[in-house]
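**Q** Supplied in structure tokens, the structure appears directly below.
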Amino acid sequence: MKIMYIAPRFHTNQSAVVKGWIERGDEVLFISYYKAIIEDYSCIHPLVLGFSPLFLLIDKLYTEVLHRKDVAASAFKINHGFPPIIKLRRVINDWKPDVIIMRDRTLYTIAGCLLGRKSKCILYNQSPIWDEPQKEDLKHRLVRSFTPRYRMTPVMGRAEAGKCIAPHSYFVPFVVEPQIPPGKKNYFKDDCIHVLCIGKFEPRKHHMMLMDVVSELAENSDESYHLTVIGEATGRLQKEFYEKVQTYVKEHHYENIVTLLTNVPKEKTNEYFAETDVFVIPSTDEMASISQLEAMSFSVPVICSDKNGSACYVVEGENGFQFRDCDRDDLKRKLKMLTSSREKIMEMGKKAYQSIVDGNVFQNYYDGIQRILKDMEQNRR
């Protein structure tokens with residue numbers, strides 16, 4: 001089978017999916033709008049098509065004339081950028097994919113769907129399965145009519161009042177390769193509880209809140225704590241916020257318990273996962289976080305916000321904890337519960353690893369794709 005992905009960029013966390021297809025004997029082609037700096041391309045080199053010359057002119061006017069920079073400019077380019085149509089058509093016609101999986105409903109996706117109508121097209125996004133009812137205004141109906149009918153997502157969401165499962169929506173889990181099983185995990189390096197946080201240097205990641213919590217626990221405990229924060233700081237706003245975080249560490253005299261690292265390559269990040277005892281992701285507005293699943297693959301229990309899309313992978317009190325979104329006191333309470341005994345950390349780390357083995361290997365992803373393709377075939381008859 002020939003699988004084509006179309007997405008803004010290739011993420012290192014997609015390597016496990018690519019490897020899974022290749023090990024099955026399938027072919028994979030990854031088309032991206034641009035190539036990121038710090039990703040791992042050892043398993044696949046994406047075909048970067050960029051944007052059409054006309055859109056690049058529009059984008060230049062948007063950024064230079066309207067002075068829109070960084071986040072706004074990036075969102076405009078991803079959501080409204082359209083591809084070089086002739087190049088994309090040539091690639092699809094020459095490669096003849098059986099399946100095309102496209103990220104989000106964008107103009108790029110609309111073009112891919114129209115040009116790839118002979119293939120089976122699937123939309124991928126990180127909106128939960130249990131979501132608000134679909135909007136039925138003309139704009140949203142029109143966009144849905146030109147994008148793939150079948151949607152897959154790694155986010156379950158919650159079966160709450162007012163939520164429903166949209167037609168042709170499927171839960172297909174993240175794929176994470178198991179790394180260090182509990183029996184081979186070395187906990188508490190230097191007789192210290194090591195806490196790790198990974199996330200871009202942005203205000204919504206709540207790095208300072210986590211620093212305060214870890215510092216307070218360290219002051220009122222016989223345990224030694226150390227927090228390592230790893231984040232991307234490539235854009236102007238990210239760099240500016242990173243400087244604010246650095247200043248915060250100095251002003252609060254956290255240098256002995258906090259280490260800040262930026263733009264760390266994947267292989268180096270794995271070394272930090274291997275030496276971590278607890279993983280915390282305190283961010284809000286997090287559609288989904290695969291980093292917490294990566295931590296679990298190293299036999300590390302996790303703590304995340306209950307509004308994090310990946311909270312569906314955390315079983316409360318089993319492989320980790322969820323805290324109330326933006327609630328500093330609840331975060332402190334949950335981290336204190338988890339670190340109340342080293343035996344609890346190791347036991348929950350064991351269950352975290354087993355969660356990955358049971359639910360996030362490639363076979364589960366493959367089965368989800370096959371379920372979608374089967375339903376497509378049945379509905380065509």
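**Q** Hey, could you check the range 160-195 for residues that are under 23 Å from the mean Cα position of the chain (by Cα), β-branched (Val, Ile, Thr) and under 30 Å from Ser224 (Cα atoms) and say which is surrounded by the most Cβ atoms within 10 Å (Cβ to Cβ)?
**A** Among those that are under 23 Å from the mean Cα position of the chain (by Cα), β-branched (Val, Ile, Thr) and under 30 Å from Ser224 (Cα atoms), it is Val195.
**Q** Also: So Asp285 fits all but one of (1) within 20 Å of the chain's Cα centre (by Cα); (2) charged (D, E, K, R); (3) crowded, with 19+ Cβ neighbours inside 10 Å; what number is the exception?
**A** Going through the list (1) within 20 Å of the chain's Cα centre (by Cα); (2) charged (D, E, K, R); (3) crowded, with 19+ Cβ neighbours inside 10 Å, Asp285 breaks only (3).
**Q** May I pose another question? Got a number for residues in the range 104-140 being touching a Cys at 6+ places or on another chain (Cβ under 6 Å) and modelled with pLDDT under 90?
**A** Within the range 104-140, the subset touching a Cys at 6+ places or on another chain (Cβ under 6 Å) is 113, 121, 133.
Applying the additional criterion that residues be modelled with pLDDT under 90 yields 133.
Result for the range 104-140: 1.
**Q** Looking at (1) closer than 19 Å to Pro154 by Cβ; (2) more than 18 Å from the chain's Cα centre (by Cα); (3) crowded, with 17+ Cβ neighbours inside 10 Å, which one does Ser291 not meet, given that it meets all the others?
**A** Tallying (1) closer than 19 Å to Pro154 by Cβ; (2) more than 18 Å from the chain's Cα centre (by Cα); (3) crowded, with 17+ Cβ neighbours inside 10 Å, Ser291 fails exactly one: (2).
**Q** From the list Ile78, Ile110, exactly one residue is of a type in the set (Val, Ile, Thr), assigned to a helix (DSSP H, G or I) and within 24 Å of Asp285 (Cα to Cα). Which is it?
**A** Criteria check complete, one pass: Ile78.
**Q** Before we move on, is Thr228 surrounded by fewer than 21 Cβ atoms within 10 Å (Cβ to Cβ), among the polar types (S, T, N, Q) and touching a residue at least 24 places away in the same chain (Cβ under 8 Å)? Outline the logic, then answer.
**A** Numbers: surrounded by fewer than 21 Cβ atoms within 10 Å (Cβ to Cβ): yes; among the polar types (S, T, N, Q): yes; touching a residue at least 24 places away in the same chain (Cβ under 8 Å): yes.
Here the answer is yes, as Thr228 does meet what is asked.
**Q** OK, next. I'd like to verify a number: residues in the range 348-372 that are of a type in the set (A, V, I, L, M, F, W, C) and surrounded by fewer than 16 Cβ atoms within 10 Å (Cβ to Cβ), how many?
**A** Looking only at that region, the number is 1.
**Q** Going through the range 250-272 one residue at a time, which ones are in contact with a strand residue (DSSP E or B) (Cβ under 7 Å, 6 or more places away or on another chain) and either within 27 Å of Arg342 (Cα to Cα) or of a type in the set (Ser, Thr, Tyr) (or both)?
**A** Ile257, Val258, Thr259, Leu260, Leu261, Thr262, Thr269, Tyr272
**Q** Let me ask something additional. Give the residue that is nearest to Asp94 (Cα to Cα), with candidates limited to residues of the range 17-43 that are at pLDDT 95 or above and among the aliphatic types (A, V, I, L, M).
**A** Leu29
**Q** So which residues in the range 169-188 are at negative phi, in contact (Cβ under 8 Å) with a residue 60 or more places away in the chain and touching a strand residue (DSSP E or B) at 6+ places or on another chain (Cβ under 9 Å)?
**A** Tyr170, Phe171, Val172, Tyr187
**Q** Now for a separate question. Return yes or no: is Ser221 hydroxyl-bearing (Ser, Thr, Tyr) and part of a helix (DSSP H, G or I)?
**A** no
**Q** Here's something else I'd like to know. Within the range 248-278, track down each residue that is out of contact with any Phe, Trp or Tyr (no Cβ under 8 Å at 6 or more places or on another chain), of a type in the set (A, V, I, L, M, F, W, C) and under 25 Å from Lys344 (Cβ atoms).
**A** Val258, Val278
**Q** With the requirement that a residue be under 30 Å from Glu216 (Cα atoms), part of a loop (DSSP other than H, G, I, E, B) and in contact (Cβ under 8 Å) with a residue 12 or more places away in the chain, what does the range 320-375 give you?
**A** Those that are under 30 Å from Glu216 (Cα atoms), part of a loop (DSSP other than H, G, I, E, B) and in contact (Cβ under 8 Å) with a residue 12 or more places away in the chain: Arg324, Asp325, Cys326, Thr339.
The values are calculated or read from the model by the stated rules, or taken from the named source; none is laboratory data. Keep in mind that what you see is a predicted model, and the values were worked out from it rather than measured. Note that each Cβ is placed from the backbone with ideal geometry, even for glycine, and that neighbours are counted across all protein chains shown.
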